[in-house]
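Student: This is the structure I want to talk about, given as C-alpha coordinates.
The values are calculated or read from the model by the stated rules, or taken from the named source; none is laboratory data. Since this is a predicted model, take the numbers as computed values, not measurements. Positions of Cβ are generated from backbone atoms using ideal geometry, with glycine treated the same way; all protein chains shown enter the neighbour counts. Ligands, DNA and RNA are stripped out before the accessible areas are found, and what is left, the full protein with its side chains, is counted by its heavy atoms. Shrake-Rupley method; radii C 1.70, N 1.55, O 1.52, S 1.80 Å.
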Amino acid sequence: MNAVRIIEVCDGPLIAVVETLAQRIWREHYIPLVGRAQVEYMLEKFQSRAAISIQINKEGFFYYLFEDREGAWVGYGAVIPRSDELFLSKLYVSAENRGRGYGRSAVEFVEKIAENKGLPKISLNVNKKNTGSIRAYQKFGFVIIRPFVTDVGGGFVMDDYRMEKLLSLS
Ligand SMILES: CC(C)(COP(=O)(O)OP(=O)(O)OC[C@H]1O[C@@H](n2cnc3c(N)ncnc32)[C@H](O)[C@@H]1OP(=O)(O)O)[C@@H](O)C(=O)NCCC(=O)NCCS
(Lines give C-alpha, C1' and ligand atoms only; values in the text may rest on other atoms or scores of the structure.)
Protein backbone atom coordinates (compact mmCIF):
# COMPACT_ATOMS: atom_id res chain seq x y z
CA MET A 1 0.00 0.00 0.00
CA ASN A 2 1.27 3.50 -0.78
CA ALA A 3 1.84 5.78 2.19
CA VAL A 4 -0.53 8.70 2.49
CA ARG A 5 -0.53 11.65 4.85
CA ILE A 6 -3.95 12.83 5.91
CA ILE A 7 -4.15 16.50 6.80
CA GLU A 8 -7.15 18.27 8.32
CA VAL A 9 -8.30 21.25 6.27
CA CYS A 10 -8.51 24.22 8.59
CA ASP A 11 -7.45 27.34 6.70
CA GLY A 12 -8.13 29.21 3.49
CA PRO A 13 -5.13 27.97 1.49
CA LEU A 14 -6.03 24.32 2.16
CA ILE A 15 -9.69 25.02 1.35
CA ALA A 16 -8.49 26.41 -1.98
CA VAL A 17 -6.61 23.15 -2.62
CA VAL A 18 -9.82 21.18 -1.99
CA GLU A 19 -11.75 23.44 -4.37
CA THR A 20 -9.16 22.88 -7.12
CA LEU A 21 -9.11 19.10 -6.60
CA ALA A 22 -12.92 18.99 -6.54
CA GLN A 23 -13.22 20.85 -9.83
CA ARG A 24 -10.77 18.51 -11.53
CA ILE A 25 -12.06 15.23 -10.08
CA TRP A 26 -15.77 16.02 -10.28
CA ARG A 27 -15.63 17.21 -13.91
CA GLU A 28 -13.62 14.18 -14.99
CA HIS A 29 -15.68 11.67 -13.03
CA TYR A 30 -19.25 12.99 -12.87
CA ILE A 31 -19.88 14.70 -16.21
CA PRO A 32 -20.21 11.28 -17.91
CA LEU A 33 -22.58 10.17 -15.14
CA VAL A 34 -24.88 13.18 -14.58
CA GLY A 35 -23.94 15.78 -17.19
CA ARG A 36 -22.03 19.06 -17.14
CA ALA A 37 -24.91 21.28 -15.98
CA GLN A 38 -25.47 19.31 -12.77
CA VAL A 39 -21.73 19.04 -12.07
CA GLU A 40 -21.15 22.79 -12.44
CA TYR A 41 -24.23 23.54 -10.32
CA MET A 42 -23.09 21.20 -7.54
CA LEU A 43 -19.46 22.36 -7.63
CA GLU A 44 -20.57 25.94 -7.09
CA LYS A 45 -23.14 25.02 -4.43
CA PHE A 46 -21.11 22.48 -2.44
CA GLN A 47 -17.41 22.65 -3.37
CA SER A 48 -16.61 26.32 -3.87
CA ARG A 49 -14.24 27.86 -1.34
CA ALA A 50 -17.13 29.78 0.24
CA ALA A 51 -19.33 26.68 0.52
CA ILE A 52 -16.56 24.52 2.02
CA SER A 53 -15.68 27.25 4.49
CA ILE A 54 -19.30 27.41 5.71
CA GLN A 55 -19.46 23.60 5.95
CA ILE A 56 -16.32 23.53 8.12
CA ASN A 57 -16.95 26.59 10.26
CA LYS A 58 -20.74 26.51 10.68
CA GLU A 59 -22.10 23.09 9.76
CA GLY A 60 -19.81 20.65 11.57
CA PHE A 61 -18.01 19.09 8.60
CA PHE A 62 -14.40 17.95 8.82
CA TYR A 63 -12.42 18.01 5.58
CA TYR A 64 -9.15 16.14 4.99
CA LEU A 65 -6.55 16.30 2.23
CA PHE A 66 -4.53 13.26 1.18
CA GLU A 67 -0.87 13.83 0.37
CA ASP A 68 1.47 11.26 -1.17
CA ARG A 69 5.08 10.70 -0.10
CA GLU A 70 6.30 13.22 -2.71
CA GLY A 71 4.08 15.91 -1.23
CA ALA A 72 1.48 15.89 -4.02
CA TRP A 73 -2.22 16.21 -3.21
CA VAL A 74 -3.90 12.98 -4.34
CA GLY A 75 -7.42 13.43 -3.03
CA TYR A 76 -9.68 14.63 -0.26
CA GLY A 77 -12.51 13.52 1.98
CA ALA A 78 -15.08 14.99 4.34
CA VAL A 79 -17.13 13.62 7.23
CA ILE A 80 -19.83 14.91 9.51
CA PRO A 81 -20.70 13.24 12.82
CA ARG A 82 -24.39 12.61 13.41
CA SER A 83 -26.09 11.30 16.54
CA ASP A 84 -25.77 7.62 15.63
CA GLU A 85 -23.33 7.53 12.71
CA LEU A 86 -20.42 9.18 10.97
CA PHE A 87 -21.54 10.35 7.53
CA LEU A 88 -18.81 10.06 4.90
CA SER A 89 -19.82 13.01 2.78
CA LYS A 90 -16.89 13.08 0.33
CA LEU A 91 -14.17 10.65 -0.72
CA TYR A 92 -12.22 11.46 -3.87
CA VAL A 93 -8.91 10.22 -5.16
CA SER A 94 -7.64 11.77 -8.40
CA ALA A 95 -7.94 9.45 -11.42
CA GLU A 96 -4.22 8.89 -11.88
CA ASN A 97 -3.85 7.84 -8.22
CA ARG A 98 -6.72 5.36 -7.93
CA GLY A 99 -6.08 1.72 -7.17
CA ARG A 100 -3.02 2.51 -5.05
CA GLY A 101 -4.60 1.99 -1.65
CA TYR A 102 -5.24 5.65 -0.82
CA GLY A 103 -9.01 5.13 -0.65
CA ARG A 104 -8.61 2.21 1.73
CA SER A 105 -6.23 4.22 3.95
CA ALA A 106 -8.75 7.06 3.99
CA VAL A 107 -11.60 4.74 4.99
CA GLU A 108 -9.46 3.24 7.77
CA PHE A 109 -8.78 6.77 8.99
CA VAL A 110 -12.51 7.57 8.91
CA GLU A 111 -13.23 4.38 10.87
CA LYS A 112 -10.84 5.57 13.59
CA ILE A 113 -12.67 8.90 13.76
CA ALA A 114 -15.98 7.06 14.20
CA GLU A 115 -14.51 4.77 16.85
CA ASN A 116 -13.01 7.70 18.75
CA LYS A 117 -16.42 9.37 18.77
CA GLY A 118 -18.18 6.15 19.82
CA LEU A 119 -20.21 6.09 16.60
CA PRO A 120 -21.06 2.52 15.56
CA LYS A 121 -21.69 3.10 11.85
CA ILE A 122 -20.33 4.90 8.79
CA SER A 123 -22.82 5.82 6.09
CA LEU A 124 -22.51 7.42 2.66
CA ASN A 125 -24.47 8.12 -0.50
CA VAL A 126 -23.10 7.04 -3.88
CA ASN A 127 -24.54 7.62 -7.35
CA LYS A 128 -26.27 4.49 -8.66
CA LYS A 129 -24.26 4.71 -11.90
CA ASN A 130 -20.94 5.07 -10.04
CA THR A 131 -20.34 1.33 -10.26
CA GLY A 132 -16.55 1.32 -9.80
CA SER A 133 -16.79 3.32 -6.59
CA ILE A 134 -19.65 1.12 -5.35
CA ARG A 135 -17.37 -1.89 -5.88
CA ALA A 136 -14.56 -0.15 -4.02
CA TYR A 137 -16.88 0.62 -1.10
CA GLN A 138 -18.01 -3.01 -1.06
CA LYS A 139 -14.34 -4.02 -0.81
CA PHE A 140 -14.04 -1.61 2.14
CA GLY A 141 -16.92 -3.50 3.85
CA PHE A 142 -19.88 -1.24 3.03
CA VAL A 143 -23.22 -2.72 1.97
CA ILE A 144 -26.05 -1.16 -0.05
CA ILE A 145 -28.98 -0.39 2.22
CA ARG A 146 -31.53 1.28 -0.07
CA PRO A 147 -31.98 3.75 -2.93
CA PHE A 148 -31.61 7.34 -1.72
CA VAL A 149 -32.77 10.31 -3.82
CA THR A 150 -31.80 13.84 -2.75
CA ASP A 151 -33.19 17.03 -4.29
CA VAL A 152 -30.19 19.37 -4.52
CA GLY A 153 -32.12 22.29 -6.03
CA GLY A 154 -31.79 23.84 -9.47
CA GLY A 155 -33.98 21.08 -10.89
CA PHE A 156 -31.37 18.42 -10.08
CA VAL A 157 -31.53 15.29 -7.95
CA MET A 158 -28.86 12.90 -6.75
CA ASP A 159 -30.01 9.39 -7.58
CA ASP A 160 -27.97 7.43 -5.07
CA TYR A 161 -27.67 4.31 -3.01
CA ARG A 162 -27.23 4.63 0.72
CA MET A 163 -24.36 2.40 1.84
CA GLU A 164 -23.36 1.62 5.40
CA LYS A 165 -20.58 -0.07 7.29
CA LEU A 166 -21.20 -1.26 10.83
CA LEU A 167 -18.20 -1.04 13.15
CA SER A 168 -17.54 -3.35 16.04
CA LEU A 169 -16.73 -0.85 18.76
CA SER A 170 -14.54 -2.25 21.51
C1 LIG B 1 -13.80 5.21 -4.68
C2 LIG B 1 -12.37 5.70 -4.51
C3 LIG B 1 -12.33 6.77 -3.45
C4 LIG B 1 -11.51 4.49 -4.06
O5 LIG B 1 -10.19 4.98 -3.85
P6 LIG B 1 -8.92 4.17 -4.40
O7 LIG B 1 -7.72 4.86 -3.86
O8 LIG B 1 -9.02 4.03 -5.88
O9 LIG B 1 -9.16 2.76 -3.70
P10 LIG B 1 -8.06 1.67 -3.29
O11 LIG B 1 -6.88 1.79 -4.19
O12 LIG B 1 -7.83 1.78 -1.83
O13 LIG B 1 -8.85 0.34 -3.65
C14 LIG B 1 -9.53 -0.39 -2.69
C15 LIG B 1 -10.15 -1.61 -3.31
O16 LIG B 1 -11.24 -1.24 -4.15
C17 LIG B 1 -11.00 -1.72 -5.46
N18 LIG B 1 -11.43 -0.71 -6.42
C19 LIG B 1 -11.10 0.60 -6.41
N20 LIG B 1 -11.66 1.21 -7.46
C21 LIG B 1 -12.33 0.26 -8.14
C22 LIG B 1 -13.10 0.27 -9.33
N23 LIG B 1 -13.29 1.38 -10.04
N24 LIG B 1 -13.66 -0.88 -9.73
C25 LIG B 1 -13.49 -2.02 -9.02
N26 LIG B 1 -12.77 -2.10 -7.89
C27 LIG B 1 -12.20 -0.97 -7.46
C28 LIG B 1 -9.52 -1.94 -5.57
O29 LIG B 1 -9.21 -2.90 -6.54
C30 LIG B 1 -9.16 -2.39 -4.18
O31 LIG B 1 -9.44 -3.77 -4.02
P32 LIG B 1 -8.37 -4.72 -3.29
O33 LIG B 1 -8.24 -4.15 -1.88
O34 LIG B 1 -9.01 -6.05 -3.34
O35 LIG B 1 -7.11 -4.60 -4.06
C36 LIG B 1 -11.78 6.22 -5.82
O37 LIG B 1 -11.80 5.20 -6.78
C38 LIG B 1 -12.42 7.46 -6.38
O39 LIG B 1 -12.07 8.56 -6.01
N40 LIG B 1 -13.39 7.28 -7.32
C41 LIG B 1 -13.94 8.39 -8.05
C42 LIG B 1 -14.67 9.38 -7.20
C43 LIG B 1 -15.83 8.77 -6.48
O44 LIG B 1 -16.74 8.26 -7.09
N45 LIG B 1 -15.80 8.85 -5.14
C46 LIG B 1 -16.86 8.31 -4.35
C47 LIG B 1 -17.95 9.30 -4.20
S48 LIG B 1 -19.32 8.66 -3.26
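Student: Where the accessible area of the chain is counted over protein heavy atoms with a 1.4 Å probe, how much of it, in %, is carbon and sulfur?
Tutor: Exposed carbon and sulfur together represent 52 percent of the surface.
Student: Based on the alpha carbons, how large is the Rg to Rh ratio for the chain when Rh follows Kirkwood?
Tutor: So for the chain, dividing Rg by the Kirkwood Rh gives 0.93.
Student: Same structure, new question: Segment 1-51 to segment 105-128: how many Å between their Cα centroids?
Tutor: 19
Student: Right, here's the next one. For the pair Val143 and Lys112, what calculated FRET efficiency results from E = 1/(1 + (r/R0)^6), where r is the Cβ-Cβ distance and R0 = 22 Å, to the nearest 0.05?
Tutor: For R0 = 22 Å, the calculated efficiency reads 0.60.
Student: Just to verify a number: FRET efficiency for Arg36 and Ile7, C-beta to C-beta distance, R0 = 35 Å, to 0.05?
Tutor: Here the calculated transfer efficiency is 0.70.
Student: Need the full-extension length gain, Val152 to Lys129, defined as separation in residues times 0.36 nm minus the C-alpha distance. One decimal, nm.
Tutor: Net length gain for the segment: 6.5 nm.
Student: Too long at a 23 Å Cα-Cα cut-off: which of Lys45/Lys121; Lys58/Lys165; Lys58/Lys117; Lys117/Lys165?
Tutor: Distance filter (> 23 Å) returns Lys45/Lys121; Lys58/Lys165.
Student: Now, a different point. Can you spot the lysines whose alpha carbon is less than 17 Å from Lys128's alpha carbon? Ignore those fewer than 8 places along the same chain.
Tutor: Reachable lysines: Lys90, Lys139.
Student: Let me ask something else. Would you mind working out the accessible area per residue for the chain, using a 1.4 Å probe, and quoting it in Å²?
Tutor: 51
Student: Okay, moving on. Just to verify a number: FRET efficiency for Lys45 and Ser170, C-beta to C-beta distance, R0 = 45 Å, to 0.05?
Tutor: The formula returns an efficiency of 0.70 here.
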